[in-house]
Amino acid sequence: MPTPRQTQALRAIPAVDSLLATPTVTSLLKEYPRTLVVEAVRAVTAAARRSILAAGPEDDLPDLSPAALAAEVVERVREAARPHLVPVINATGVVLHTNLGRAPLAPAACAAITEVARGYSNLEYDLEAGERGSRQSHAEALLKELTGAEAALVVNNNAAAVLLVLAALAAGREVVVARGQLVEIGGSFRIPEVMEASGCRLREVGTTNKVYLRDYEAAIGPETALLLKVHTSNYRILGFTSTVSGAELAALGARYNLPTLEDLGSGVLVDLSWLGLEREPTVPESVASGIDIVTFSGDKLLGGPQAGIIVGKKRYLDIIKRHPLARALRVGKLTLAALEATLRLYREPKRAWEEIPVLRALSLGEAELKVRAERLAHKINELGLGLTAEVRPGTSEVGGGALPLSSLPTHLVAVTSSRYSAAELAAALRRQDPPVVGRIADERLLLDLRTVFPEDEPALVAALAAVGGGLAGGGVRCRRAYISPRRSSSARHHFRSFGFSLRG
């Protein structure tokens, strides 16, 4: 039973209609749907009841004034109205961060999406002939040009690409693959399971660390439909190993009139070894080796949108394109617009390295990163909000299940707080707008500018200032971040130097 004190407080909670009539909430109704505002009012009053009933004799009771409750309603409505999928600042140094959306798109790709999205397009219309066309035509010519393949097809991701090829060419029959290549990709999806879903039967050959051409040949029989080679893009077996090259497998397939498929996983069109990264087979090299079909991702090392890309011999691609799954797995106009724009950049290698964010991030030099890190550390230390930043050497990762043995030298900004642990600081930054995601080591929050766009550095500093200042009400708006105005004068001067406006 509620105590008399609690009963009195419960009676003091304003009615829903009363809160809706307050000027603050009335103004919300002009900006947001009524159902959203009413739901927030009910949630606030319900939370007040729970707080009162949970309060002990010595506990303070919540502020039940209409103004205080209306302020809570405002916060709830704005929180509910915010998009759930939002941009974040990736300060982890992982270039292809799967959880953060993998490859950022080039400006040209973003512009192409906007242009196609805002109206109608010739998605499946042949403007020359004035009749129905194929959506695959928009990227196919470029893929053929850049890879040397005879034909190409785009589906929604690389797992779908492998699934479609196997379903079209090997359903009900055997596919021969090396035991050491039965990889698991992101989200616990495994090559054997993808093969099973396609309707084909797995025929493993070799051992975990060694496979020879004779193993493939010994497995070929009346039920064999396809020879599969999977590039182990997300792990490596080192030491006492042996594998079969694409050229060798292609020659074996040609001898027995069997198609060969190589799944390159992340896929790359340019040589990355000059960056000090391990040698990654390129798509043109795989095609040139004689392999009949090659599959790879669009949103990894290629630097484009999420897509699964299939290139290879026309006689096999024609069969794959006619399979019913090809329609189920097809991509939409926005993906095709972004992919086409990204591929066009590869026609000029210098432009590709400058404009495709993944390639640009991978090619950032250690000296440039050190200068940026020192500048950021100085700005953080300037805030005077209990935050201390120092620059230390470190490494960045490629990520996205690519180049597992490679890392890139970088310079990290290590941040500590006099008020928060590293975990608390990281959690508070993730709650900012835009959220900032870093990594933690040695009880320090580490920020790697390899994956932070220079134009996002002011927002990063603003988010740190908001956290360092204790997230008080009101604030400074930095793009979408809010910084409390109750700061030292040096902090306020710092924000004005970035062109931020003070409010509250």
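With respect to residue 281, is the statement that it is touching a His at 6+ places or on another chain (Cβ under 7 Å) and assigned to a loop (DSSP other than H, G, I, E, B) true? Criteria met by residue 281. Considering the conditions (1) in contact with a helix residue (DSSP H, G or I) (Cβ under 9 Å, 6 or more places away or on another chain); (2) in a loop (DSSP other than H, G, I, E, B); (3) closer than 30 Å to residue 434 by Cβ, residue 61 is excluded by exactly one of them, (3). Of all the listed residues (132, 118), the sole one being under 26 Å from the mean Cα position of the chain (by Cα), within 18 Å of residue 332 (Cα to Cα) and not assigned by TED's automatic domain parsing to the domain that holds residue 292 is 118.
Among residues of the stretch 167-219 being more than 28 Å from residue 321 (Cα to Cα) and assigned to a strand (DSSP E or B), the one that is modelled with the highest pLDDT is 205.
Answer yes or no: is there a residue in the stretch 78-98 that is within 32 Å of the chain's Cα centre (by Cα), more than 30 Å from residue 446 (Cβ to Cβ) and not basic (Lys, Arg). The answer is yes, given that some residue of the stretch 78-98 is within 32 Å of the chain's Cα centre (by Cα), more than 30 Å from residue 446 (Cβ to Cβ) and not basic (Lys, Arg).
Results for (1) assigned to a loop (DSSP other than H, G, I, E, B); (2) in contact (Cβ under 8 Å) with a residue 24 or more places away in the chain; (3) farther than 23 Å from residue 87 by Cβ; (4) not assigned by TED's automatic domain parsing to the domain that holds residue 368, shown as yes or no for each residue.
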| residue | (1), (2), (3), (4) |
| --- | --- |
| 390 | no, yes, yes, no |
| 393 | no, no, yes, no |
| 398 | no, yes, no, no |
| 408 | no, yes, yes, no |
| 416 | no, yes, yes, no |
| 423 | no, no, yes, no |
| 426 | no, no, no, no |
| 433 | yes, yes, no, no |
| 446 | no, yes, no, no |
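Matching residues to (1) in contact with a Leu (Cβ under 6 Å, 6 or more places away or on another chain); (2) under 19 Å from residue 78 (Cβ atoms); (3) in contact (Cβ under 8 Å) with a residue 40 or more places away in the chain:
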{"position": "1", "(1), (2), (3)": "no, no, no"}
{"position": "10", "(1), (2), (3)": "no, no, yes"}
{"position": "22", "(1), (2), (3)": "no, yes, yes"}
{"position": "29", "(1), (2), (3)": "no, yes, no"}
{"position": "40", "(1), (2), (3)": "no, yes, yes"}
{"position": "45", "(1), (2), (3)": "no, yes, no"}
{"position": "49", "(1), (2), (3)": "no, no, no"}
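Looking at 341, 361, 337, 326 in this structure, which one is under 30 Å from residue 198 (Cα atoms), among the hydrophobic types (A, V, I, L, M, F, W, C) and under 20 Å from the mean Cα position of the chain (by Cα)? None of the others qualify; the one that does is 337. Looking across 481, 466, 422, one residue alone is modelled with pLDDT of 85 or more, over 29 Å from residue 367 (Cβ atoms) and either of a type in the set (A, V, I, L, M) or over 23 Å from the mean Cα position of the chain (by Cα) (or both). It is 466.
Considered as a group, the residues in the stretch 375-387 that are touching a strand residue (DSSP E or B) at 6+ places or on another chain (Cβ under 8 Å) and surrounded by 15 or more Cβ atoms within 10 Å (Cβ to Cβ) include one that is farthest from residue 450 (Cα to Cα), and that residue is 387.
Criterion applied to 403, 359 was being within 28 Å of residue 140 (Cα to Cα), surrounded by 17 or more Cβ atoms within 10 Å (Cβ to Cβ) and at pLDDT 95 or above, and the one residue passing it is 359. Listed conditions (1) over 30 Å from residue 370 (Cα atoms); (2) modelled with pLDDT of 95 or more are all met by residue 65, apart from (2). So, residue 101, is that one surrounded by fewer than 19 Cβ atoms within 10 Å (Cβ to Cβ), at positive phi and out of contact with any helix residue (DSSP H, G or I) (no Cβ under 8 Å at 6 or more places or on another chain) or not? Criteria met by residue 101.
Looking only at the stretch 136-166, count every residue that is in a loop (DSSP other than H, G, I, E, B) and charged (D, E, K, R) and tell me the total. Of the residues in that region, 1 qualify. The single condition among (1) in contact (Cβ under 8 Å) with a residue 40 or more places away in the chain; (2) surrounded by fewer than 24 Cβ atoms within 10 Å (Cβ to Cβ); (3) within 26 Å of the chain's Cα centre (by Cα); (4) on the phi < 0 side of the Ramachandran plot that residue 263 does not satisfy is (2).
For the stretch 284-318, a residue qualifies if it is in a helix (DSSP H, G or I) and surrounded by 16 or more Cβ atoms within 10 Å (Cβ to Cβ), and the qualifying residues are 284, 285, 286, 287, 316, 317.
The values are calculated or read from the model by the stated rules, or taken from the named source; none is laboratory data. Here the structure is a predicted model, which is why all the values come from computation and not from measurement. Because the Cβ atoms are built from the backbone with ideal geometry, glycine has one as well, and the counts that use them run over all protein chains shown.
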